[in-house]
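Below: one structure, written as structure tokens.
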Amino acid sequence: MSAWRPPADAWTRRDALRNGFSSLALLCTIASPSSLRRTSTEVTSAALRAQARSPFEPFRRDLPIVPELLPVNSTRTQDNYEIAIREGMAEILPGFQTPIYGYEGIYPGPTIRARKGRKIVVRQRNTLPFESNVHLHGGYVPAESDGHPMDVIAAGGSFDYHYPNQQDAATLWYHDHAHGRTSKTLYYGLNAMYVLEDDLETELGLPQGEYDVPIVIGDHAFNRDGSFRYAENVDVGFRGDTILANGAISPRMRVQRRKYRLRFLNASNARSYTLKLGKGRAMTQIAGDGGLLQRPVARTRIPFHPAERIELVIDFSQYAPGEQIVLSNEEGTGGTASIMRFDVVGGGSSEDFQVPRRLRDSEPIPAANARRRWELGLGAAAWQINGKTFDPARIDARPRLGSTEIWTFVNRSNRVHPMHIHGFLFRMLERTSRPVDLADRLGWKDTVGVMPDETVSVLAWFAPYAGKYVFHCHALEHADKAMMLQIEVVK
Amino acid sequence: MRRRIAAAAAFAFLAFPSAALAADQTVQAVDGTAPDGSDNRWSPNVVDIQVGEKVTWTFAGTQLFHNVKGVNFTVPSSPAVAGPDVSYTFDAVGIYEFFCELHAQPMRGTVRVGNPPPPPPPPLSEQPFPNDAPAPATLELLDETAPALSSVRVSRVSRGARVRFRLSEAGRVTIKLTRGNRVVKTRRVDARRGANTVIVRSVRAGRYGVQVSARDLSGNPARSKRARVTVRG
């Protein structure tokens, strides 16, 4: 087993000694906690090593299915969960152990499946030797449970996050948001899916159960002992040379000849992708950051920026058993070119489900009552928005609760800035580099990739909760250094 | 045997390349032009020599006060403008540092004597493990072989027709009964690999053309076959 190698300034060796370095060995011997429903496919590392020509060879492992968290108890209206934020070990390179930080010690963290209208309380216990917190990305969450960068859980402490789940079905995710540290803590594993379902979605008859698969994508690099290698790059952000899907190197997924619902999350620090299936086969996008689109959109190339989510329905009944189709990243080279591969096996084919032509109606929203312009650029020593960096003592904007505002992001740099607003959703209005993609016009978003020298306008709706939130660039190195401003939604 | 000696000699040459190249070295003091003196320097600031060889520090041409002082050896040199050259002969393997006492920060240098052991490599946890896997050359592996439809036999049954055929792989088969140019009956069935039998019923008495076409599961079409059948009422 390799020694635990922590992020350089998130954890010091002295901390490690003080907080019980030796207990790690014990942690590593514990299999996945009993509260987890499913475990990934087990293949011995020796067998994998014997087969593989290089530990990085793609398509050697089956796509791990991320376990779902079960509530510790439930009442008539609410489910209670408990999560320990702790260290763990993951076998990512065959035959190597990779130290990680993980929710319940696993990477990606366990998926929470929630239902609209049913409250969830997650007690997060921080067993790490430094502060942490949890942000539910894309969720309508009261400010005190949002995971504001300054609301942290002290080392050894815990906090109950209340999620009302009063929003339409969507693929959300939860991750660490302690200020100045996210580029390392997310890279080392503190990210996980939060799938919110509702009755409307159930009525559509979309693929469920084992045919509804959340997939977390991230780029990583490795050291010779198998540990994650992190090199800070405040300019372009971290770029790894290997793509992990659900914690496996460009895995394969055995699919039956039928339709699958695939929920993709780009949990990379700063890498943008362009997804492409095979040589450009059609994929049907049904949902984005904020849930279902008004209608499905056929796509062949999908730009995919950090923190965005994309839900696809892919019909594998058009393929014969034995056929293989690669989902690739058109912008990648070498180890970052292939995301995963679908291996078609038998079964299915008699399915008569068709993706409905209407998925949901667009809801009326009030007309905009303010315009704000945010200039994104590099200052003397830090990334800035309107020439300012994050100051928790300062409020940079005070939108009225329930109002909408046109926010214009003007990118004055030559880097992509995936801009994310906490706690609220927005609609895309226009962008200067190209027409807004149809799929982006037909749904809600919470993150938009603003391209170099581009201007993007969105219509943000500041409902349903008042309070202090932040908005920031989701290239984590930019957010940490300190491309983030604070808003207070007032009544 | 001779070859072995030659190989050993070649190995020795490769293993100690600097032994053949090193000789006495001269280090020149160079004035900086920056107002804060931050670019005063030695040229070169790292020299490699063998045991018993000599390094000479020269100040010729300088217009600022300089001298040289060894960290772990001693040379007689005091600050002066274009002071006299000083030399030192190194008699032991090791790494020796020197500097100018007046410009200690920028003007530092190192004498490496002999073949000092290289610094230990960083631990594995700090060595990059680059991904050497190439990008996939094929983005899709598809079945592009057309299936073969053969042994098509049609016989009549009561108010219908029995169609027998062989298909080289599983697929979907369409059977059309035609009368003149008009299609009067169409049946689509999932066919297995090998022999299959399909009975088309509820057909009026008469003489029909039968067209059998097939596609495999990935949609590749087989060459269709034709036959004729007379159905009796």
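Here are some notes:
- Answer residue from region A:350-377, given it is out of contact with any Lys or Arg (no Cβ under 8 Å at 6 or more places or on another chain) and open to solvent by 100 Å² or more (accessible area, probe 1.4 Å) and is nearest to A:ALA479 (Cα to Cα) among those: A:ARG373
- Test: B:GLU126 is within 14 Å of another protein chain (Cβ to nearest Cβ), under 30 Å from B:ASP216 (Cα atoms) and not hydrophobic (A, V, I, L, M, F, W, C): no
- Residue count, region A:162-221 (criterion: of a type in the set (Asp, Glu) and farther than 21 Å from A:LYS445 by Cβ): 6
- Verdict on A:ALA439 being open to solvent by less than 10 Å² (accessible area, probe 1.4 Å), farther than 24 Å from A:ALA178 by Cα, outside any strand (DSSP E or B) and of a type in the set (Gly, Ala, Ser): yes
- Of B:VAL163, B:VAL189, all but one fail to be within 14 Å of chain A (Cβ to nearest Cβ) and of a type in the set (Val, Ile, Thr); the exception is B:VAL189.
- The sole residue among B:ALA227, B:ALA161, B:ALA195 that is crowded, with 16+ Cβ neighbours inside 10 Å and within 60 Å of the chain's Cα centre (by Cα) is B:ALA227.
- Exclusive hit being in contact with a strand residue (DSSP E or B) (Cβ under 7 Å, 6 or more places away or on another chain) and within 14 Å of chain A (Cβ to nearest Cβ), set B:LEU141, B:LEU102: B:LEU141
- Of the strands (runs of 3 or more DSSP E) lying entirely inside region A:116-181, the ones with 3 or more residues being more than 16 Å from A:TYR469 (Cα to Cα) are found at A:119-126, A:158-163, A:170-175.
- Within region A:339-349, the set of residues being facing chain B (nearest Cβ under 10 Å), part of a strand (DSSP E or B) and either surrounded by 15 or more Cβ atoms within 10 Å (Cβ to Cβ) or touching a Lys or Arg at 6+ places or on another chain (Cβ under 6 Å) (or both) comprises A:ARG341, A:PHE342, A:ASP343, A:VAL344.
- Checked against (1) at pLDDT below 95; (2) open to solvent by 30 Å² or more (accessible area, probe 1.4 Å); (3) closer than 30 Å to A:PRO296 by Cβ, A:ALA463 passes all but condition (2).
- Screening A:PHE56 on (1) more than 26 Å from A:LEU128 (Cβ to Cβ); (2) touching a residue at least 12 places away in the same chain (Cβ under 8 Å); (3) open to solvent by 30 Å² or more (accessible area, probe 1.4 Å) shows it passes everything except condition (3).
- Of all residues in region A:193-230, those satisfying the criterion of being open to solvent by less than 20 Å² (accessible area, probe 1.4 Å) and of a type in the set (Phe, Trp, Tyr) are A:TYR194, A:PHE222, A:PHE228.
Conditions (1) within 14 Å of chain B (Cβ to nearest Cβ); (2) closer than 27 Å to A:ILE217 by Cβ; (3) out of contact with any His (no Cβ under 6 Å at 6 or more places or on another chain); (4) open to solvent by less than 10 Å² (accessible area, probe 1.4 Å), marked per residue:
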| site | (1), (2), (3), (4) |
| --- | --- |
| A:GLY102 | no, yes, yes, yes |
| A:GLY109 | no, yes, yes, yes |
| A:ILE112 | no, yes, yes, yes |
| A:ARG115 | no, yes, yes, no |
| A:ARG118 | no, no, yes, no |
| A:SER132 | no, yes, yes, yes |
| A:VAL141 | no, yes, yes, yes |
| A:GLY147 | no, yes, no, yes |
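- Lone qualifier among A:ARG412, A:ARG427 - being within 21 Å of the chain's Cα centre (by Cα), of a type outside the set (Phe, Trp, Tyr) and open to solvent by 30 Å² or more (accessible area, probe 1.4 Å): A:ARG427
- Among the residues of region A:240-270, the one identified as open to solvent by 10 Å² or more (accessible area, probe 1.4 Å) and in contact with a Lys or Arg (Cβ under 6 Å, 6 or more places away or on another chain) is A:ARG252.
- No other residue among B:GLY180, B:GLY206 is away from every other protein chain (no Cβ under 14 Å), open to solvent by less than 30 Å² (accessible area, probe 1.4 Å) and on the phi > 0 side of the Ramachandran plot apart from B:GLY206.
The values are calculated or read from the model by the stated rules, or taken from the named source; none is laboratory data. Keep in mind that what you see is a predicted model, and the values were worked out from it rather than measured. All Cβ positions, glycine included, derive from the backbone under ideal geometry; neighbour counts span all protein chains shown. Only protein heavy atoms, including side chains, enter the accessible area calculation; ligands, DNA and RNA are left aside. Shrake-Rupley method; radii C 1.70, N 1.55, O 1.52, S 1.80 Å.
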